Amino acid sequence: MTTKKVDEAGAARPETRCVERGRWAERLAHGFEVVVEGAVAYRLRNDATGEILGEYPDSRHLFLEAIHRVDTGTPARALAMDVLTHRGRYVPQGGGTSLLDLAEAALDIPSGRCRRVAES
């Protein structure tokens, strides 16, 4: 995963590679967003049933939906993120508590809510 800076015109340029989790929230607060290199779109699905829960043009909307679903009772382990590649194929990218950790970091939500386990 990388971050990209979105300029005033809406064009995005790659900015940095291998950003550590602890830096994401700060970078995102300054106009960056979390992207998966080569991703055209993002999809949230129920990993247990395969049901598509939503398709999104960017990671932010997927993260908001993932947080909302967990906050309303969906177990984190049931959620998975797929990315749509430029070749038109969805590829699994991650899920469960790792997805929730990423979403919380990207949205600058302090992890430490009672349901969260500290990252090692």
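Points worth noting:
- Check on residue 54, assigned to a strand (DSSP E or B) and at pLDDT 60 or above: yes
- Looking only at the stretch 62-108, residues that are in a helix (DSSP H, G or I), over 11 Å from residue 43 (Cβ atoms) and without any contact (Cβ under 8 Å) to a residue 60 or more places away in the chain come to 18 in all.
The values are calculated or read from the model by the stated rules, or taken from the named source; none is laboratory data. Bear in mind the structure is a predicted one, so any value in this text is a computation, not a measurement. In this analysis, Cβ positions are derived from the backbone assuming ideal geometry, glycine residues included, and neighbour counts consider all displayed protein chains.
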